[in-house]
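K.L.:
Sharing a structure below in structure tokens format, with a few things to ask.
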């Protein structure tokens, strides 16, 4: 079946006005063109829709039934077109982003507050997950894009570096290394370390850097979330190495934070998106404004404690 919108609009106009002349005027077409549209529609449906009289036309029983369907289709189409236009104009939409818990707290949450104030019609969904799940969420189609630590590029995913931040050492108060203001990396191998899970990209970046310096960690515990690791440090279970802004996750009471000497010990934060999928207008706007936010707040995002 090959129905057209012109046929449906023509049918509804004739049904509502009961005259071909008035319906043709409403649609700004000739009466002969209108008659042809109605004949084509009746042929496609294999139904008689109107009883014709000298001046007036009346709907048949089949026409009455079809009028309900035609009006519903046209109404739903108008709503769909309106929503599409609103989406392009950023009046409505949906954006889902995956990121680590650290970046959710230090980057995404304050940015989302500003974005929501500017674009209240766009629904925002933040998936704060373990670092190793960020790309998986993207590949599964759960999110529009993700934000996390750069590591091992994948052919299906494009990466855009947005800033780099330093790693720092977190220790319980009273730990021997707290006496030093800057910690040499070699010193940490002497003490029990609480590390991110082996599958974490933060862990991979950390170990790659230490391997180049021929430093091996004495890993006593592992956990997937920085907030858990910080709690373990506070309870005197060991020391840990995390990105500098991780200490904003929770209270650092009972914890001492130190920088590492002159070592250029950093990780690069990127946005990730699928190469073969375009962002929706709302997601594209969110991504663009996120990059602008990073530029304005780079000093805060990369500041050492």
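K.L.:
Based on the Cβ-Cβ distance of residue 248 and residue 214, what FRET efficiency does E = 1/(1 + (r/R0)^6) give at R0 = 30 Å, to the nearest 0.05?
P.N.:
Efficiency at R0 = 30 Å is approximately 0.40.
K.L.:
Applying 1/(1 + (r/R0)^6) with R0 = 51 Å to the Cβ-Cβ distance of residue 303 and residue 40, what FRET efficiency is obtained, to the nearest 0.05?
P.N.:
Once the sixth-power term is evaluated, E becomes 0.15.
K.L.:
Here is a follow-up. So, in nm, how far is label residue 4 from label residue 197 when the simple model puts each one 7 Å beyond its Cα toward the Cβ?
P.N.:
So the label points at residue 4 and residue 197 sit 5.7 nm apart.
K.L.:
Further, regarding this structure: Modelling each spin label as a point 7 Å along the Cα-to-Cβ direction, I'd like the residue 18/residue 126 distance in nm, to one decimal.
P.N.:
A separation of 6.1 nm, rounded to one decimal place.
K.L.:
If you stretched the chain out fully between residue 25 and residue 257, how much longer would it get, using 0.36 nm times the residue separation minus the C-alpha to C-alpha distance?
P.N.:
Separation in residues times 0.36 nm, less the Cα-Cα distance, equals 75.7 nm.
K.L.:
Tell me, what is the FRET efficiency for residue 264 and residue 157 to the nearest 0.05, using R0 = 30 angstrom and their Cβ-Cβ distance as r?
P.N.:
Approximately 0.70, to the nearest 0.05.
K.L.:
Taking 0.36 nm per residue of sequence separation and subtracting the Cα-Cα distance, how much length would be gained by fully extending the chain between residue 279 and residue 295, in nm to one decimal? Write down the numbers at each step before the final one.
P.N.:
Working: separation 16, 0.36 × 16 = 5.76 nm, distance 2.13 nm.
Contour length minus the Cα-Cα distance gives 3.6 nm.
K.L.:
Measuring from label point to label point, each 7 Å out along Cα→Cβ, what is the residue 32 to residue 65 span in nm?
P.N.:
With each label point 7 Å from Cα toward Cβ, the separation is 3.5 nm.
K.L.:
Once you sort the root eigenvalues of the Cα gyration tensor of the range 1-59 as a ≥ b ≥ c, which label holds: rounded (a/c under 1.5), prolate (a/b larger than b/c) or oblate (the other case)?
P.N.:
Oblate, because a/c is 1.5 or more while a/b does not exceed b/c.
K.L.:
A follow-up question, please. Taking 8 Å as the Cα distance limit and 6 or more residues as the minimum spacing, I'd like the relative contact order of the chain as a percentage.
P.N.:
21
K.L.:
Now a separate question. Apply the a/c threshold of 1.5 to the C-alpha gyration tensor of the range 166-266 and tell me whether it is rounded, prolate or oblate.
P.N.:
rounded
K.L.:
Once each part is reduced to its C-alpha centroid, what is the distance from the range 270-300 to the range 120-155 in angstrom?
P.N.:
If you average the Cα positions of each part, the centres end up 12 Å apart.
Only the coordinates and a few stated rules stand behind these numbers; no lab work does. All of these numbers come straight from a predicted model, not from anything done at the bench. All Cβ positions, glycine included, derive from the backbone under ideal geometry; neighbour counts span all protein chains shown.
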